[in-house]
Every structure is written in structure tokens, then in C-alpha cells.
Amino acid sequence: MGRAPHRPHFGVEPRKPKYMAFRKRKSKRSLRASGVLHGKAQKYAKTPATLVDDLQGILVHAEGGPLSVGAIMDLLSMRGHVLLLAFFSLPLCLPIGIPVVSTVFGTILIILTWFLIFNRHPWLPDRVRERMVPYDSMEKLVRHAMPYVKWVELRLKHRLPALSDKGLMLRVHAFYMFLLALVVSVPMVTNMPAAIPILLLSLGLLKRDGLFILAAYAAGIPCIFFYGGLTFLGTEGIKKLIGWL
């Protein structure tokens, strides 16, 4: 009798030998026992990274010097496309003016959201990637943003996951952020009203928190009133209206 032909597995992975799984578990324990994973390394291996860790990691990587936009993207892109949107919208949500950061990041948000609409890997032109962000600006950003980021991350939970599903819903969210990014990129008195919905939506997608996603769409309502009033009343008109309220 001839040898039986090999039958391919359709949709079902072949069962792995038990000794392979035991070998993986044993190798992981042996790494800890041998000291390869010890101290802070073991701590970070057990706990998932947070946005606070990402912000601090950028400063550590900069080592007191300027950092290019491309280097920042390479550091954050390992954790996903949405994290880039959260980081680049964060400076625009702060009530402080940060040179270079505020002007360049609006354009970056347009490009990132455009690629997210088509579910493509983010890409930036060399001219944008080579723009340098001074260390003082990054340090100022992290110092002012840290209390807000810690407060927000404590309230992020896995809620209403259907709103953060990939596919059509993700493209709808990306198109919404793309429209907001167009507004953010226009030099105005403040871009905070349009940047806050981008940050809320990106954090909601990052942590699969549907409540934050709903809050991002709700935050778009005052954004419409603000920029609509700015268009018809002008800067002075808005200041008088705020003073009157």
C-alpha cells in the first residue's frame, strides 16, 4: 500500500505537540529566573503600556535634545494608528501655545485621518517627518498634559465595544476626525474646540470605550457653534459674547 496523501487543514490549525507549549512556558519562567526579566522589566512585561508611559518614553528617547516628527511617529506607531491621533491632537487641546507643535500637528492630523479612512498604514512626506520638535516644547507639553492624561486614563473602560468595531464604523469615525482636522489646521485664535473631539474619539477607539466615542460626537456640537460664531461675528464678537455670558 502506498503512503496516505497529506490532507490540508481548512480553517483549522493543526494541534501542536504538548511539549512545545510546555517548552514555551518553561522558557518564559527560565528568563525570569535567570534575571533577564527582573525589576522594572518584569513590571512592564505584566502591565500594558499607557499614554503616560508613551509621553515619558518620548522624553527618555530624546535624551535632552530635539526629536524629529518621524522619530516620534516611529516610537508611537508600534502601538497603533489611533495612538498617533491621540498624541498629535493632545497639544492642541491644551490652553497653552506651543511653538512648532501647534502649527505642524494640525497638518499631520489631516494626513493620519485620511489614511485611517482607507485603513492604510500612516505615511508622512519626508519634509514633514524631518521637522524637528525642540526638547523644551516636548517637555512643556508632557508637563502640562500629564495631569489631564492621568485623569482621563483612570476613566477609560471597555464599554459599548460595538461603537469601536473595525470596518464601516471605524471609517465613519475616521471621516469625522478628518473634517475636524481640516478645521484644526486653519490658523485661528484657538483650535481647542475641534481638537478635543479628535482626542476623545481616538482615546475611545484606543481603549474600546464607546462612552468616550459618544462624548466625542457630543463635543462636536459646541464646536459647530464656536466656529460658526467665529465666522459670522469675528474674534472680537466672540470675545464680547463670552464676556456677556
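Values computed for the structure shown
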| quantity | calculated |
| --- | --- |
| Residue count, the stretch 186-245 (criterion: assigned to a helix (DSSP H, G or I), polar (S, T, N, Q) and either modelled with pLDDT of 90 or more or in contact with a helix residue (DSSP H, G or I) (Cβ under 6 Å, 6 or more places away or on another chain) (or both)) | 1 |
| Of all residues in the stretch 128-140 being within 19 Å of the chain's Cα centre (by Cα), touching a residue at least 60 places away in the same chain (Cβ under 8 Å) and more than 9 Å from PRO66 (Cβ to Cβ), the one that is surrounded by the fewest Cβ atoms within 10 Å (Cβ to Cβ) | GLU139 |
| Residues (in a loop (DSSP other than H, G, I, E, B) and either touching a residue at least 60 places away in the same chain (Cβ under 8 Å) or surrounded by 19 or more Cβ atoms within 10 Å (Cβ to Cβ) (or both)) located in the stretch 165-185 | SER185 |
| Residue in the stretch 74-90 that is surrounded by the most Cβ atoms within 10 Å (Cβ to Cβ), counting only those that are assigned to a helix (DSSP H, G or I) and at pLDDT 85 or above | SER89 |
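The values are calculated or read from the model by the stated rules, or taken from the named source; none is laboratory data. All figures in this text were calculated on a predicted structure; none of them were measured in a lab. In this analysis, Cβ positions are derived from the backbone assuming ideal geometry, glycine residues included, and neighbour counts consider all displayed protein chains.
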